[in-house]
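One structure is given here, and the rest of the page talks about it.
The values are calculated or read from the model by the stated rules, or taken from the named source; none is laboratory data. All values reported here derive from a predicted model rather than from experimental measurement. Neighbour counts run over all protein chains shown; Cβ positions are idealised from the backbone, glycine included.
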Amino acid sequence: MDNSARLTVSGRDVVAVIMGGGAGTRLFPLTKDRAKPAVPLAAKYRLVDIPISNCINSDLKRIFVLTQFNSTSLNRHIQQSYRFDDFSQGFVEIMAAQQTTTNKEGWYQGTADAVRQNLVHFRSHQHDYVLILSGDQLYRMNLRKLLEQHVASYADVTVATIPVRRDSAKGFGIMHVDDEKRIVRFVEKPTDDALLDSLKLEDPVLSTLNVHTSDDLFLASMGIYVFNRKVLSASLDNDLTDFGKHIIPGLIKSHRVFSYIYQGYWEDIGTIKAFYEANLDLCKPVPQFNFYDVAAPIYSRARFLPGSKIENSHVEQAVIADGCIITASKIENSLIGIRARINEGTTIKDCILMGSDYYETDQHLLMAEGKGIPRIGIGKNCKLERVIVDKNARIGDNVKISPEGKPANMDGPNFYIRDGIVCIPKNAQVASDTVI
């Protein structure tokens, strides 16, 4: 076959599979009532919007999202956000874990098991390649380039990797490649320095990268894979449960498994600290991830909200979403989510406010006032610093919230502290004059 013809990959040759089934325990309490890919991001998006948008921008429009834990809001968001016209033959289809006659337990036991249980559904669509993506990462990738390298190298499997330094390498699956970027070794989270030395990236591959550092670099798996259809089916004809731990290491010995080296911004939003830092980075004048890229936009649900109303307030380095009402407040280095309400005299610093799912009616406000319940939003004369306030939280007047002087991790009434960041959970109520 002519190699130039092989490089042309039609969107109809590929099905994309987004993993959305993990319990997300490290992101608790943000995952207390929702799946990890449904966690709000950047004031108006959700994490799952990132991989779906990367697919759409790469003209890959046959997308399955595999869900499991707390998936109601994730399912609703996808159904309301991604509707292709009848002529495109595109879809974003939700595949929830389910019991069958051959699988009595139903729950996905890992990434590989989740794909295995849904192979029968993928087969109903003609395809040559399966692209597997994570639902909890922040990055922008031209997936076409990944697919083109996969085809050009005659690979059976391609693993997307990213160069990381030694201090980060111990937390990832690390690949060692030959001169053609074929993976010859895979070690899951190596801790021994001598072992790490044997895995570091070397010339000639190193010299092809646009890096300006004298530090040792290692190729970390991004949890993004391209499989040839038949190879995927054969590799899952067993009881192995995880791609990174079981499937990929086995295939390296018997198949052509290659690395696609990605050098853009990439963040695994797996912990409260990572989530917090990735979001606040968006407040910088030039953030590492650009939501303003017109060539590859990030899509989400169209909400038709009014512009935010900001009255007599001081705002410094902040991202404020649609539909907010902010009165005589000070906001510094913070993200303010949709429909957020911040009342007079309040200071918000280094915070993420996720906003609200709805506006309260006059009737609701009267009922809440009669019961002594604060209205949704942040009350008067409050001071919040290093706080994540989840959706629909009600914080009364004269409330002070900060992690200063407290343990890095602790649980309290209507609040949690994780990684030195206070988290106010969804629908929580914090009474007036409370100090946390």
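One table, with the values for the structure above:
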quantity	calculated
Any strands (runs of 3 or more DSSP E) falling wholly within region 155-234 and containing at least 2 residues that are β-branched (Val, Ile, Thr) and crowded, with 21+ Cβ neighbours inside 10 Å	157-165, 173-177, 217-228
Residue within region 242-253 that is of a type in the set (Asp, Glu) and part of a helix (DSSP H, G or I) present	no
Among (1) on the phi < 0 side of the Ramachandran plot; (2) surrounded by 12 or more Cβ atoms within 10 Å (Cβ to Cβ); (3) at pLDDT 95 or above, the one test that LEU240 misses	(3)
Some residue of region 254-266 being free of Cβ contacts under 8 Å to residues at least 60 places away in the same chain and hydroxyl-bearing (Ser, Thr, Tyr)	yes
Top-ranked residue of region 411-436 - restricted to ones that are among the β-branched types (Val, Ile, Thr) and in a strand (DSSP E or B), ranked as surrounded by the fewest Cβ atoms within 10 Å (Cβ to Cβ)	VAL435
Selection count, region 342-388, where residues are part of a loop (DSSP other than H, G, I, E, B), among the hydrophobic types (A, V, I, L, M, F, W, C) and crowded, with 17+ Cβ neighbours inside 10 Å	4
Residues of region 248-302 that turn out to be of a type in the set (Ser, Thr, Tyr), within 21 Å of ALA321 (Cβ to Cβ) and buried (at least 17 other Cβ atoms within 10 Å of the Cβ), as a count	2
Any hit, region 413-420, residues being at pLDDT 95 or above, among the hydroxyl-bearing types (Ser, Thr, Tyr) and in contact with a Cys (Cβ under 6 Å, 6 or more places away or on another chain)	yes
Enumeration of residues in region 250-280 that are under 26 Å from the mean Cα position of the chain (by Cα) and small (Gly, Ala, Ser)	SER259, GLY264, GLY270, ALA274, ALA278
